[in-house]
1. Just to confirm my filter: which helices (runs of 4 or more DSSP H) fall fully inside the stretch A:5-116 and include at least 3 residues that are free of Cβ contacts under 8 Å to residues at least 60 places away in the same chain and hydrophobic (A, V, I, L, M, F, W, C)?
2. Scan the stretch A:161-201 residue by residue and report those that are of a type in the set (A, V, I, L, M, F, W, C), open to solvent by less than 50 Å² (accessible area, probe 1.4 Å) and in a helix (DSSP H, G or I).
3. Just to verify a result, which residue in the stretch A:117-134, among those that are facing another protein chain (nearest Cβ under 8 Å) and surrounded by fewer than 24 Cβ atoms within 10 Å (Cβ to Cβ), is farthest from A:D64 (Cα to Cα)?
4. Being of a type in the set (A, V, I, L, M, F, W, C), in a loop (DSSP other than H, G, I, E, B), at pLDDT 95 or above and farther than 17 Å from B:V260 by Cα: is that true of B:A207 here?
5. Considering each of B:R306, B:R274, B:R278 in turn, give the residue that is surrounded by 15 or more Cβ atoms within 10 Å (Cβ to Cβ) and within 17 Å of B:C197 (Cα to Cα).
6. Under 7 Å between Cβ atoms, at least 6 apart or on separate chains: pull out the pairs that start in the stretch B:246-271 with a residue that is outside any helix (DSSP H, G or I) and end on any residue that is of a type in the set (S, T, Y) and surrounded by 22 or more Cβ atoms within 10 Å (Cβ to Cβ).
7. Name, by its number, the condition in (1) open to solvent by less than 30 Å² (accessible area, probe 1.4 Å); (2) touching an Asp or Glu at 6+ places or on another chain (Cβ under 6 Å) that does not hold for B:R182.
8. Being within 11 Å of another protein chain (Cβ to nearest Cβ), farther than 22 Å from A:D49 by Cα and either surrounded by 24 or more Cβ atoms within 10 Å (Cβ to Cβ) or of a type in the set (K, R) (or both) is the filter here, so list the residues in the stretch A:136-158 that pass it.
Amino acid sequence: MALATDIGAVQDLARRVRRDIVQMLGAAGSGHPGGSLSAADIVATLYGDVMRHDPDDPAMPTRDRFVLSKGHAAPVLYATLAETGYFDREHLGTLRRLGSMLQGHPDAKKTPGVEMSTGSLGQGLAIANGMALALRLDGNLDSTVFVLLGDGELQEGEVWEAAMFAAHQRLTNVVAIVDNNGLQIDGACDEVMSLGDIHSKFAAFGWDPVSCDGHDVGALIDVLGSARSRARGNGRPIVVVCTTTKGKGVSFMEGNADWHGKAPGTEQVARALEELGAPEGDVS
Amino acid sequence: MTDKRATREALGTTLVELVTRGVDVVVVEADLSKSTTTATFRQAYPERFFNVGIAEQNMIGTAAGLAVAGKVAFTGSFAVFATGRAYDQVRNSVCYAGLDVKLAPTHAGVTVGPDGGSHQMVEDIALMRVLPGMRVLVPADATAAAAALRLAATTPGPFYVRLGRAAVPTLYDEDAAFELGRAHTLREGSDVTIAACGVMVERALCAADILAAEGVSAEVIDVFSIKPIDSVAISQSARKTGGVVTAEEHSIIGGLGSAVAEVLAEQIPVPLRRIGVRDTFGTSGDPEELMRHFGLTAEEIASAGRDIALRR
């Protein structure tokens, strides 16, 4: 079980990340708050507790890797990288501007700590598989590749080509995570294009599906932290399907598909920050 | 130099050679290893070979991931699927990310033959050429193909090496030097320039023979590197001869003809004729029959060359 102190530290990181997301999107005037906020606890848990990584040595060979397949949630990745020391937080204010290292979708050529450029949905799992194959080929048995997919993204066919491949190759060094917030741009996933039973689908493709509350940091630490050893144990790749709320933490965004790809205005940013509360150690 | 080999025959053996030389090559194939000859690589280095099954998008994506982690990742399949079926993966996961993924599909062009138009890719050079960062090589014989694959493997960034199914005469000596962005002037001439690529290079040389018999002196350039293109060699030749014929086993839209037209229009506008597939799909037939059907013959090249030489 996760220690209370570890949980507290990740929760604080997640709160900082959510505050950053709201502020950077407000400053940018465009972007995707809903799916960034829904993934905040997951990404904060990975970088704040589960993953082996070193902001001072982003290319450390033994590091764990993270691929943000749902690339439109770039703000959650940028905020987490800034908060964990990959670059100065001042950059967050340049999101989506000409010349910024923080592109609208992740660009690994520009941003320290970003492992792979993403943005066109459905491509991250195949990329994570390729990275995992290379690690295995190089005899690196320690590093794990974590890849975060959106639930709507599972509608892309390449995801299932890659799912088939990971099981066939017994890629137990890939951990897929689904941010299952139930919404996509046009509305509820079940109304736009039913995903059916995500667990059963992955199980049918040879995966080991595990459920987790995507906002319960203690549970995330336990499940994500033990995912690799569980996969090794049963020889199947593992997918952690996280139940989440789109827009989590900002009442007027929660569960509302309209906040998929719309930036908050000045007053909305202020309201959101009030709701999110000051992170520990901050005076304001 | 009378033997005939398909350019695809260079694929498997050259990739094996590259690993032997210490290049960290891996191969991702989509169920066509026997046709593309990557099966040769699988036999030599099974741990470096990954078959994704009939899933070309996943082929490109997996190769991208392997490249992220430091490998030189070659992909197989046929030209029609590797470029068209997986275009967004090639664009975003490979080129936008600027990775060491080397597309080397086979069965490009109408010489695929009886399989017909669904499988005869004549738009691939256009599709690949327009992608930022993508380099495009179209070898004329198996020797050039091996050289193209070596160049792709040892030069950072995305590559497209276009390989064919049909056996073609060997034009180059084993020790011929190939460079990125350098065309080869195979025959000097003064009345017309014939710029060709791939299987059309040999036909361009035949066309030059036909023209020579009529007293027309044709210069033949093998535009082995379509991107970057050798604009110096092309414009210098055009300046000397005053007119150009392009010849490609590809649509006249977007391929070699277009690339040469761009160079000429900006640097030395001279009369140009493009020999290629004229905005249509392929069809079933024997390869040689199809080459005649689509006007991809030495006679057609010679006819265009004659028109240009006489026009001046």
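1. Values: elements: A:33-38, A:40-45, A:74-83.
It comes to A:74-83.
2. The initial filter retains those residues of the stretch A:161-201 that are of a type in the set (A, V, I, L, M, F, W, C), namely A:162-167, A:171, A:174-178, A:183, A:185, A:188-189, A:192-193, A:195, A:198.
Within this subset, residues satisfying the condition of being open to solvent by less than 50 Å² (accessible area, probe 1.4 Å) are A:162-163, A:165-167, A:171, A:174-178, A:183, A:188-189, A:195, A:198.
Across the stretch A:161-201, the qualifying residues are A:A162, A:A163, A:F165, A:A166, A:A167, A:C189, A:I198.
3. A:S120
4. Working: of a type in the set (A, V, I, L, M, F, W, C): yes; in a loop (DSSP other than H, G, I, E, B): no; at pLDDT 95 or above: yes; farther than 17 Å from B:V260 by Cα: yes.
In short, no.
5. Details: B:R306 fails: within 17 Å of B:C197 (Cα to Cα); B:R278 fails: surrounded by 15 or more Cβ atoms within 10 Å (Cβ to Cβ).
Matching residue, one of B:R306, B:R274, B:R278: B:R274.
6. Going by the 7 Å Cβ cut-off, the qualifying pairs are B:E249/B:T111.
7. (1)
8. A:R136, A:E158
The values are calculated or read from the model by the stated rules, or taken from the named source; none is laboratory data. It should be emphasised that the depicted structure is a prediction, and the values quoted were computed from it without experimental measurement. Note: ideal-geometry Cβ built from the backbone for every residue, glycine included; neighbour counts use all protein chains shown. All accessible areas refer to the heavy atoms of the entire protein, side chains included, with ligands and DNA or RNA removed. Shrake-Rupley method; radii C 1.70, N 1.55, O 1.52, S 1.80 Å.
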